[in-house]
1. So what is the calculated 222 nm ellipticity per residue for the protein assembly as shown, using -39500 (n - 2.57) for each DSSP H run with n of 4 or more, over all residues, to the nearest 500 deg cm²/dmol?
2. Nearest 20 debye, what's the magnitude of the dipole of region B:9-155 about its Cα centre given +1 on Lys and Arg Cβ and -1 on Asp and Glu Cβ?
3. Which three numbers, in whole Å and largest first, are the semi-axes of the equivalent ellipsoid of region A:124-234 derived from its Cα gyration tensor as √(5λ)?
4. Kirkwood Rh, Cα Rg: Rg to Rh for the protein assembly as shown?
5. Go through A:82-95, A:60-73 and give me the packing order, highest mean Cβ count within 10 Å leading.
6. Sort B:112, A:211 by heavy-atom solvent-accessible area, probe 1.4 angstrom, most to least.
7. For chain A, give the percent of accessible area contributed by carbon and sulfur heavy atoms, probe 1.4 Å, rounded to a whole number.
8. Taking each residue of B:64-71 in turn, how many C-beta atoms of other protein chains fall within 10 Å of its C-beta, and what is the average?
Amino acid sequence: MNSSENKRDWESHPPLIAPGYKSTIYRGPSQPLIEVPELMKPGTGPIFGMESVSPLDHDLTKNGIKNGEPLGERIVVSGRVLNQNGQPLKNTLIEVWQANAAGRYVHKRDQHHAPLDPNFFGAGRCVTNDKGVFKFYTIKPGAYPWGNHPNAWRPNHIHFSVFGPNIGTRLVTQMYFPGDPLLDHDPIYLAVPEKSRERLISTFDLDLTEEGFALGYQFDIVLRGNHSTPFENE
Amino acid sequence: MNKLGQTPSQTIGPYFAYGLTPEQYKFDHKSLATPFLLDVKHNSKDLILLKGRVFDLHGAPVDDAMIEIWQVDQEGVFRTEPHEGFISIGRMGTGTVEGNLYEFTTCIPAPEKPGLAPAINMIVFMRGLLSHVYTRVYFDNLHMQGAQETVFFDF
């Protein structure tokens, strides 16, 4: 295994400081990252969280219900987690969180003047199956304003946190929706190098769409390197 | 040659807490990773508290960072399921403890490989950080605080 193939590819990822996204200027490290010696590189890593994921965790349309169904457009989001050789990564923990259909997060700090939905919590998780596939049911998140610049709005997005085979493959990202006009104005999305931006946009999928129930969006996630997920107890 | 391009990172944003650290922030949702790697009821003699803060360029403590620590146990084994009161991954946000501290209960790990000093791997995620950064916590004179800012790694 050529370890350089397992590195973070900075031509795919956004830089640590991207002036259009203002808080990166005072929160991104200003010094270059230090290449660690071979000996210090992490070994194989975890299957984590599998036992803790409960059956409703992947269904955000149900896991926050108090007295009725959540409002908004029901969607199915599914995809595969792959390594860069295209091999599926099974038993990988995925955590998601998002705003509700009105563009409001449950988080206490979100003060956007849009209604909370008593029946929508907005967080979930699941573990990929033997083919590396994950699937969530949720409500399409709304856009919401933020303070980065005048009239700034975040495009519709779902936050993803993914583990993969080791600490190096750890990824936190955001999934966007096709055709969103706000993408062209969003400095967080635009901080990603142009050639890799499209990897963050899900595709509408009629085969995934459940008739009479929910629209389907496909979102594959490629984690760095050519590692495979360790077997349980390995 | 790798065939597929890596999915780009995006910031964790300010609102991760109810999804990733819900119990700490008092949301009614189970946390998969917590600040408690070592269960003190099981083992208190090896307990250490690992505390710290994240500062921005202006020296202001960051109140919405999420810290993950990954470490082996005292036998040098990575524990993804609790083993003798220890689990290898911890997670905490900096928004609930006065002073914006993160605060882990854990133990000093064995060296991960022969020839290495014992160390805890740390990942920092926060609003304003488009890609997470890695650093290491050492327990002796070896340390990774640079003169101006923490040293972060690439590998």
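The values are calculated or read from the model by the stated rules, or taken from the named source; none is laboratory data. Worth saying up front: this structure is predicted, and the values here are computed from it rather than measured. Cβ: placed from backbone, ideal geometry, glycine included. Neighbour counts: every protein chain shown. In case anyone asks, the SASA skips ligands and DNA or RNA and just uses the protein heavy atoms, side chains included. Shrake-Rupley method; radii C 1.70, N 1.55, O 1.52, S 1.80 Å.
1. Taking each H run of at least 4 residues, the total per residue is -500 deg cm²/dmol.
2. Dipole size: approximately 60 debye.
3. 27, 20, 12
4. Computed over Cα atoms, the ratio is 0.94.
5. For the peptides A:82-95, A:60-73, the packing ranking is A:82-95, A:60-73.
6. Descending accessible area places them as A:211, B:112.
7. C and S atoms contribute 54 percent here.
8. The per-residue average across the peptide is 2.
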